[in-house]
1. State whether one or more residues within region 38-47 are hydroxyl-bearing (Ser, Thr, Tyr), surrounded by 12 or more Cβ atoms within 10 Å (Cβ to Cβ) and more than 11 Å from the chain's Cα centre (by Cα).
2. Identify, please: which residue in region 1-13 is part of a helix (DSSP H, G or I) and open to solvent by 100 Å² or more (accessible area, probe 1.4 Å) and is, among those, farthest from Ala47 (Cα to Cα)?
3. Report, by residue number, each residue of region 15-35 that is open to solvent by 70 Å² or more (accessible area, probe 1.4 Å) and either modelled with pLDDT under 90 or outside any helix (DSSP H, G or I) (or both).
Amino acid sequence: MEKTYYVATLIFGWFITVSLAVFMYFAFKLGYSLIGIVMTMIVIASAAMNTLFLKKWKKAV
């Protein structure tokens, strides 16, 4: 695949992950534990997918 695609996807993916982490932090801070737990699972899955995509990109380049 094109290198620009990998770079754009990684940047966008990490931006989403950081945004979700901020929402997770404030969910716990405001006392919404259930939403915070769900956000934690989503952040972990998002970080895992970004890491796998980074490894795939390094293998392709």
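The values are calculated or read from the model by the stated rules, or taken from the named source; none is laboratory data. Keep in mind the model is a prediction, meaning the values are calculated, not measured. Here Cβ is always computed from backbone atoms with ideal geometry, including for glycine, and neighbour counts include all displayed protein chains. Each accessible area value is taken on the protein alone, full model and side chains, heavy atoms only, with ligands, DNA and RNA left out. Shrake-Rupley method; radii C 1.70, N 1.55, O 1.52, S 1.80 Å.
1. no
2. Lys3
3. Selection gives Leu30, Tyr32.
For every residue, the table says whether it meets (1) closer than 26 Å to Lys56 by Cβ; (2) touching a residue at least 12 places away in the same chain (Cβ under 8 Å).
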{"site": "Tyr5", "(1), (2)": "yes, no"}
{"site": "Leu10", "(1), (2)": "yes, yes"}
{"site": "Phe15", "(1), (2)": "yes, no"}
{"site": "Val18", "(1), (2)": "yes, no"}
{"site": "Ala21", "(1), (2)": "yes, yes"}
{"site": "Phe26", "(1), (2)": "no, no"}
{"site": "Gly31", "(1), (2)": "no, no"}
{"site": "Met39", "(1), (2)": "yes, yes"}
